[in-house]
1. Please name all residue pairs, on different chains or six or more residues apart, with Cβ atoms under 7 Å, provided the first residue is in the stretch 2-27 and is at pLDDT 75 or above and of a type in the set (Asp, Glu) and the second residue is part of a helix (DSSP H, G or I) and open to solvent by less than 30 Å² (accessible area, probe 1.4 Å).
2. Would you please list the contacts, defined by Cβ atoms under 7 Å and residues six or more apart or on different chains, that run from a residue in the stretch 39-60 that is within 21 Å of Glu157 (Cβ to Cβ) and among the polar types (S, T, N, Q) to a residue that is part of a helix (DSSP H, G or I) and modelled with pLDDT under 75?
3. Quick one: in the stretch 28-37, of everything that is in contact (Cβ under 8 Å) with a residue 24 or more places away in the chain and hydrophobic (A, V, I, L, M, F, W, C), which residue is nearest to Val8 (Cα to Cα)?
Amino acid sequence: MFEVLAFVFENYWSGDACPKWEHLERKLNSVGFEAQEIQDALVWLSGLSQVTQSTQISLGRSDASTCQQSALGFEDQAAATLPVQSPGSMRVYSVPEQDHLGSECLGFVSFLETANVLPAPLREIVMDRAMAAPGDPMSLDDLKIIVLMVYWSFGKEPDALVLDELCDDSNHRIGH
């Protein structure tokens, strides 16, 4: 499923017209993805689109989110504005979240929050989509794809350093 999501991100990020649901499915089939992988990814993207459609945060929207919503066939719904997290508040992760994400992924989410690149509303969407994804515990690379897809759903690209961190394969890093 995550390979399909990465393909969608890479091919439809820059504002290119996303095909409709059926065309996207055919495109993914023609590229060589397995039917079950495609179905899992489309269901996951459908959930992401629903959350994105029902949420309005300060990131705003652009053509990329419109492209995704069009491809997935969702009508414009009334958007709910998420409350701003107060500065002294703290997110406590439930036991199922801890089990599903594992310490490495939760540490990465904390890192992104501390670096001020993952505001609380986006974090909650990332957590929702991570809990909807397979894998116990989830791999860090899969979580990075989820973070990229959440940004994609709002039509925003993280800054270059964050994008580098999300796209970098940490297994091949050499420590200084």
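The values are calculated or read from the model by the stated rules, or taken from the named source; none is laboratory data. Source: prediction; values computed, not measured. So basically every Cβ, Gly included, is an ideal-geometry build from the backbone, and we count neighbours across all protein chains shown. Quick note on the areas: whole protein, heavy atoms, side chains included, nothing else; ligands and nucleic acids left out. Shrake-Rupley method; radii C 1.70, N 1.55, O 1.52, S 1.80 Å.
1. Pairs that qualify, where the first residue is at pLDDT 75 or above and of a type in the set (Asp, Glu) and the partner is part of a helix (DSSP H, G or I) and open to solvent by less than 30 Å² (accessible area, probe 1.4 Å), are Glu25/Ile38; Glu25/Leu42.
2. Ser49/Gln68; Ser49/Gln69; Ser49/Leu72; Thr52/Ser65; Gln53/Gln69
3. Once the filter is applied, the top-ranked residue is Leu28.
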